[in-house]
1. Could you grab me the full set of residues in segment 129-167 that are exposed (fewer than 10 other Cβ atoms within 10 Å of the Cβ) and in contact (Cβ under 8 Å) with a residue 24 or more places away in the chain?
2. Given the criterion among the β-branched types (Val, Ile, Thr) and surrounded by fewer than 18 Cβ atoms within 10 Å (Cβ to Cβ), identify the matching residue among Thr8, Thr77, Thr81.
3. For segment 109-128, state whether one or more residues are modelled with pLDDT of 90 or more, assigned to a helix (DSSP H, G or I), surrounded by fewer than 19 Cβ atoms within 10 Å (Cβ to Cβ) and acidic (Asp, Glu).
4. Quick one: would you say Val70 is β-branched (Val, Ile, Thr), assigned to a helix (DSSP H, G or I) and in contact (Cβ under 8 Å) with a residue 60 or more places away in the chain?
5. Can you confirm whether segment 86-93 contains a residue that is β-branched (Val, Ile, Thr) and touching a residue at least 40 places away in the same chain (Cβ under 8 Å)?
6. Being outside any helix (DSSP H, G or I) and either crowded, with 19+ Cβ neighbours inside 10 Å or at pLDDT 90 or above (or both) is the filter here; which residues of segment 93-108 pass it?
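The values are calculated or read from the model by the stated rules, or taken from the named source; none is laboratory data. Values in this document were obtained by computation on a predicted structure and should not be read as measured data. Positions of Cβ are backbone-derived with ideal geometry, glycine not excepted, and every protein chain shown enters the neighbour counts.
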Amino acid sequence: GPERVVLTGSGSSEYAGACAAPEVQAALGVPVEVAGGGKLLLRRRASIRGGPALVVSLARSGDSPESAAVIETLLDTEPATRHLVVTCNRNGRAAREFAGDPRVSVICLNDEVNDRSLVMTSSFTNLALSARFLGAAERPADYVDRAERRNAAGRALLASWPDRLAAFASGGPPASFAAAST
């Protein structure tokens, strides 16, 4: 029964929350805010009105100093706030250090999605999909079905239009799109 949901993370993890926020808000019918870890640390609270909130911390590694500091700070300052940590790294600080607190639930994604480079393609995608699932938790089969259809559509697009997609990604719309818009 949170009055609001706050999706937080740092860097790409914050952007994963931003991708999911509109659909989560529509599905849950409560305000959903995206706030970077630094913003929450400066604010020192998740709930503007002080009512119960759910803070969802999205984290690839779970080891960034602000990720852990957000959880620590909010556990100290907001006893009614609950936390959900979604991380790609079961060995990260966020997964290990807070799992024993009854106000914190930790979900560790499969280690295969824990990107270990600057490019977080798999981590980003899976964090965004996991955050989006919050709005579909009561209808998991529908969510899986929609995700599988989107996956099939994406694969078909990549297989059918590789030249057009490459041209678009390299700096401009494909000639056929440019001609159609004039």
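1. none
2. Thr77
3. No, there is no match, as no residue in segment 109-128 is modelled with pLDDT of 90 or more, assigned to a helix (DSSP H, G or I), surrounded by fewer than 19 Cβ atoms within 10 Å (Cβ to Cβ) and acidic (Asp, Glu).
4. Here the answer is yes, as Val70 does meet what is asked.
5. Checking segment 86-93: at least one residue is β-branched (Val, Ile, Thr) and touching a residue at least 40 places away in the same chain (Cβ under 8 Å).
6. Phe98, Asp101, Pro102, Arg103, Val104, Ser105, Val106, Ile107, Cys108
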